[in-house]
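Here the structure is laid out as structure tokens; the discussion comes afterwards.
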Amino acid sequence: MGLTDIQSRIATAATAAGRKPADVTLIAVSKVQPPERVEAVLMAGQRIFGENRVQEAAGRWPAFQARFDGIKLHLIGPLQTNKARQAVEMFDVIHTLDRPKLAETLARLADERGSCPDLFVQVNTGAEPQKAGVLPDDADGFVAQARALGLPLVGLMCIPPVDEEPSLHFALLAEIAARNGLTGLSMGMSSDFESAIALGATHVRVGSAIFGERAYG
Ligand SMILES: *Cc1c(COP(=O)(O)O)cnc(C)c1O
């Protein structure tokens, strides 16, 4: 199945880059996939999953969590402030911290709950107007601001522009992370996770290459 193939490609890419396969976490992106495909991947042993909508995740993960131990959920899609509470209750990691208002809301919830998911700051490396994420020039300031709020930042995340060479964006993200003392790099999807690993990805987000194409609509 797709899962074992992707696991071995991750291991090969890590080894080729002089890295340990265990230093790359595979997030199986299950958004929009039918439950039977998700269940098959759970049965194969995968426990780390990515969803891009709070609502969709809330609709189906509690039932899987009742049947399978050790599931970790990563939010990889944009987070509206009014969904932040539900998101911190359900997700172990949020990859899409991208604005001061959300940082303040998450800090307030962290104080209240005494815990907070691990957080990645999303960087809009291509400065695309329609895309979420802080601009590369604003990243250092935003990281400092989030740290001052006491938020548990673990790294940076990006989604390169579809029509550009992703490596340039992965390299830029790695550079911004390094100068900010952040070790986590959430980058690489089905089509480019091997080059992301070559450039230091610690978390790859792979959907269709594991589950098959998403059928929208
Ligand atoms: C859907 C999605 C992915 C997975 O994309 P594939 O091309 O199916 O691997 C990764 N990251 C984000 C942010 C996504 O929304």
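The sole residue among Leu156, Leu106, Leu185, Leu119 that is open to solvent by less than 30 Å² (accessible area, probe 1.4 Å) and assigned to a helix (DSSP H, G or I) is Leu106.
Within the range 149-178, the set of residues being over 17 Å from Lys131 (Cα atoms) and among the β-branched types (Val, Ile, Thr) comprises Val154, Ile176.
Residues are listed down the side, and each one gets a yes or a no for (1) touching a strand residue (DSSP E or B) at 6+ places or on another chain (Cβ under 9 Å); (2) open to solvent by less than 10 Å² (accessible area, probe 1.4 Å):
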{"residue": "Asp111", "(1), (2)": "no, no"}
{"residue": "Gly141", "(1), (2)": "yes, no"}
{"residue": "Gly150", "(1), (2)": "no, no"}
{"residue": "Pro166", "(1), (2)": "no, no"}
{"residue": "Leu173", "(1), (2)": "yes, yes"}
{"residue": "Ser191", "(1), (2)": "no, no"}
{"residue": "Gly207", "(1), (2)": "yes, yes"}
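Residues of the range 19-37 that are more than 24 Å from Gly200 (Cα to Cα) and near the ligand (Cβ under 9 Å from one of its atoms): Lys31, Val32. Between Ala178, Ala201, the distinction of being more than 11 Å from the ligand (Cβ to nearest atom) and touching a Leu at 6+ places or on another chain (Cβ under 9 Å) belongs to Ala201 only.
Taken together, Glu194, Glu175 contain a single residue that is touching a helix residue (DSSP H, G or I) at 6+ places or on another chain (Cβ under 8 Å) and in a helix (DSSP H, G or I), which is Glu194.
The values are calculated or read from the model by the stated rules, or taken from the named source; none is laboratory data. Nothing here was measured: the structure is a model prediction, and the numbers come from that model. We place every Cβ from the backbone using ideal geometry, glycine too, and count neighbours over all the protein chains shown. When the accessible area is computed, the model is the full protein with side chains, heavy atoms only, and any ligands, DNA or RNA have been set aside. Shrake-Rupley method; radii C 1.70, N 1.55, O 1.52, S 1.80 Å.
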